[in-house]
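Have a look at the structure below before the remarks.
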Amino acid sequence: MAQTRDPIRLSVGGMSCAGCVAAVENALKAAPGVEAATVNFVEHTAEVYGTLPATELVAIVQAAGYEATELKDLEREQEEREAAEQRHFQGRVRKTVVAAAVGLPLMLLGMTDLLPPLAQARGLWLLLGLLTLAAMVYSGGHFFSGAVKQFRLHNANMDTLIAMGTGAAWSYSMAIVLFPDAVPSIARHAYFEAAAVIIALINLGQALEMRARTRTSQAIRRLIGLQPKTARVVRNGEERDLPIAQVGLDDTLRLRPGERVPVDGVIIEGHSTLDESMLTGEPLPVSKGVGDEVVGGTINRSGSFLYQAKRIGGETVLARIIELVRRAQASKPAIGRLVDQVAAIFVPTVLILAVVTFLIWYNFGPEPVLSYAIVTAMTLLVIACPCALGLATPISIMVGVGKAAEYGVLIRNGDALQQAGRLTTVVLDKTGTITAGHPSVTELVALPGVTDTELLSLAAAVEQHSEHPLAQAVMERARSDGISPPSTSDFEALVGRGAQARVAESMVVCGNQRLMVEQGVDLAPLAARAAELAAAGGTPIYLAQGDRLLGLLAIADPVKPDSRAAVARLQAEGIEVVMLTGDQRPTAEAVARAVGVDRFIAELLPEDKSQQVSQLQAQGKVVGMVGDGINDAPALATADVGFAIGSGTDVAIESSDITLMRGSLHGVADAIAISRATVRNIRQNLLGAFIYNTLGLPIAAGLLWPIAGILLNPMIAGAAMALSSVTVVSNANRLRLFKTEPH
């Protein structure tokens, strides 16, 4: 039994003595497939060599009565994945270069008549044929194997067209080289360059598409970057920084202000406020104390605390978000390309016509009947080669992507452009998508005897020393109104309640209802107004001087000015609009009512959002997801089309298919309109290309032979193919004139 190069490392929880170490070691060593196992009591880890996967080893330890999870290095794992993707891309580029190195010189020499005629240099043409075959095998082998698989499934796609066209071109050309006298002189033309150039061009297109797809791995890398590389672990009363992969279950960790939480756990000492926008998307920090959970990747804004690790490695919430994005990106099916749909009909039709042509010429044609039958059947397959069909889709997509960019809509791949026009449901995140994404002072309510300016000035005086996001919102409003707060003394931050400071010999208190009650302030004069503001999604912040209530400030995440109009525009196109948010239900309800969405779901975690998208897809809906936060990444990757707000996080942008650079939901409607126009254009191109091929097939079959004695003049065939390509390109450029609905 071969030993694995690297051991599988497990973190083991629940061990309290040397007997526990022996129990875990014996359980692991007794398992078939385990060659060696060592348990470290100090670090509470186990290293296992053998052939068993980590999941089975974890199950063995758990069956022995202990907790266990695999210790993973997420960054190393991602590097290995990216290296594999890069090797795949480079392989496709090499195939492009090899096919082009053979096909392009042949094409240029043929166009300049520098190649000698077949009859005068059969040896040279035979060598060129073998060189082309080698290039086809190396660069186009996957097309032929794909075509064989489709044939076994009684199906046909673009691989079938490519294999059939290039294979027929090479076979016919080689037959002409070997047996030139077996065919009429008018049909003695080799197509080696066509076979090689077509394979080179299609490989190049696939390499570029692969490059666009591999960019999605940047989303994973950015997510992994949210996890600190080290953690401050407290062991045996000593604090030391350890690599994140060495943090074990039940380890005690210290977190200081400004640091990211390394792994998930529960606070056992101290309190703080954490920025959990990575998880919930909400901009307001959350107060945390003993017994509260903390999640890896979130940011500690203030205070130092100790917490106990409860989920590490692949079990953390951040790791699960990463895995959700990976699965969604890997499982998202390639959209059924229109060319494949055409090929499914076109290929069998061409094959049937080739057989019928052979039989007609063999039974009713002139002598030598076998030669004419073979020539007409083979040339029919050659002219069916998908030149214009291959151009029909990419040229329209290229123009459509350019048109979308004019409207600030950046489309990362052609599939997304095609799919956007089919959307039946658009799911919107709330914070940063429908709303501005940061707290602002939306209203000032001053009691009689106090002006709005005085109210804001005193509030800014207290909050100018605070780092709380709500305090920053107050200061931002004061700056925009040109207010300079007066100087203060005796400032004190009151955790979870607000702050207080002395202004001109009197104590001014700014904070929530709980703080006002503690200070003995009567809130009755503003109770009704505060309830209204809270129902509308705002957070009331009271201001009092001593025990005298001065007024309140409403702080909320304001709805973007054009969100309601954009939602109405989508609904006018027959698209259902759904809002998903991690925020509280009252706030979500207020925003939903303000913009007129069809329905909303609140208090969701990142995995909940992707599940909601999957449920909509299971109902047969084509779903677009619009978001801007890290917590939206799994849902963006799961959706049929993911739209990221350009002002949002890099992770959201990398996980999406389309980026809205102007930050407006009108970009979604613009993308849908451009998609529909592009798909119409593609269908027109395919129809035009199909008509050219259809007209060329009867000529290749010899329809003009009894009428005018014409049998596939290569010049006529080449002109027809060139004209079809010109038509496709001209029609695609009509998209440049397209305009969306003004907004």
> With every protein chain in place, what's the accessible area of Y362 (1.4 Å probe, Å², nearest 10)?
Replying inline: 110
>> Can you give the FRET efficiency to the nearest 0.05 for F491 and R734, using r as the Cβ-Cβ distance and R₀ = 60 Å?
In response: 0.35
>> Going through the cross-link list K403/K621; K310/K621; K430/K621; K609/K739; K430/K739; K149/K739, which pairs have a Cα-Cα distance over 31 Å in this structure?
In response: K310/K621; K609/K739; K149/K739
> What's the extension gain from E607 to I707 if we count 0.36 nm per residue and subtract their Cα-Cα distance?
Replying inline: 29.1 nm
>> Could you compute how much accessible surface T581 exposes when probed at 1.4 Å, giving the result in Å² to the nearest 10?
In response: 0
> Taking only protein heavy atoms and a 1.4 Å probe, what accessible area per residue, in Å², does region 397-525 have with all protein chains in place?
Replying inline: 43
>> Under the rule of at least 5 residues apart or a separate chain, name every residue whose amide H is placed under 5 Å from the amide H of T435.
In response: K560
>> Under the rule a/c < 1.5 gives rounded, and otherwise a/b versus b/c splits prolate from oblate, where does region 561-635 land using the Cα gyration tensor?
In response: oblate
> Counting only the heavy atoms of the protein chains, how much of L353 is accessible to a 1.4 Å probe, in Å² to the nearest 10?
Replying inline: 70
> Which sequence of V58, V375 reflects their accessible areas, 1.4 Å probe, from the largest down?
Replying inline: V58, V375
> From the square roots a ≥ b ≥ c of the eigenvalues of the alpha-carbon gyration tensor of region 467-508, which class results: rounded (a/c under 1.5), prolate (a/b over b/c), or oblate?
Replying inline: oblate
>> Let's test the formula: R0 of 56 Å, r as the Cβ-Cβ distance of D113 and D562. What FRET efficiency results, to the nearest 0.05?
In response: 0.35
>> At 7 Å along Cα-to-Cβ for each site, give me the label-to-label distance between L370 and L687 in nm.
In response: 4.6
>> How many angstrom lie between the Cα centre of region 573-609 and the Cα centre of region 80-124?
In response: 54
>> Between region 471-501 and region 539-561, how far is it from one alpha carbon centroid to the other, in angstrom?
In response: 12
> How large is ³J(HN,Hα), in whole Hz, for each residue of region 433-450 in order, when computed from phi with the Karplus curve 6.51 cos²θ - 1.76 cosθ + 1.60 and θ = phi - 60°, using x for Gly and Pro?
Replying inline: 10, 7, 9, 5, x, 8, x, 9, 6, 9, 7, 10, 10, 9, 6, x, x, 10
> Any idea how far apart E454 and A63 come out in nm if each label point goes 7 Å out from Cα toward Cβ?
Replying inline: 7.7
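Once neighbouring chains are kept in place and the probe is 1.4 Å, which whole percent of the accessible area of region 373-518 is contributed by carbon and sulfur? Intermediate values should be presented prior to the final figure.
On the way: 2990 of 5600 Å².
Carbon plus sulfur share of accessible area: 53 percent.
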>> Suppose each label sits 7 Å from its Cα in the direction of the beta carbon; what would the R585-E85 distance come out to in nanometres?
In response: 4.0
> Computed FRET efficiency, Cβ-Cβ of E476 and L695, R0 56 Å: what is it to the nearest 0.05?
Replying inline: 0.25
>> How much length would be gained if the chain were fully extended between Q120 and E35, taking 0.36 nm per residue of separation minus their Cα-Cα distance, in nm to one decimal?
In response: 23.6 nm
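Per the 1.4 Å probe, what fraction of the accessible area of region 580-693, in percent, lies on carbon and sulfur atoms? Please report the intermediate quantities before stating the final value.
On the way: 1850 of 3720 Å².
Here carbon and sulfur together make up 50 percent of the probe-accessible area.
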>> With equal scatterers on the alpha carbons only and no solvent term, can you work out the Debye log10 of I(q)/I(0) for region 572-704 at 0.16 1/Å?
In response: -0.85
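Compute the length gained on full extension between E238 and Y49: take 0.36 nm times their separation in residues and subtract their Cα-Cα distance, giving the result in nm to one decimal. Could you put the intermediate results ahead of the total?
Values: separation 189, 0.36 × 189 = 68.04 nm, distance 3.09 nm.
Full-extension gain reported as 64.9 nm.
The values are calculated or read from the model by the stated rules, or taken from the named source; none is laboratory data. All values derive from a computational prediction rather than experimental measurement. Neighbour counts are summed over all protein chains in view; Cβ atoms, including those assigned to glycine, are modelled from backbone coordinates with ideal geometry. Side chains included, ligands, DNA and RNA excluded: accessible areas come from the protein's heavy atoms. Shrake-Rupley method; radii C 1.70, N 1.55, O 1.52, S 1.80 Å.
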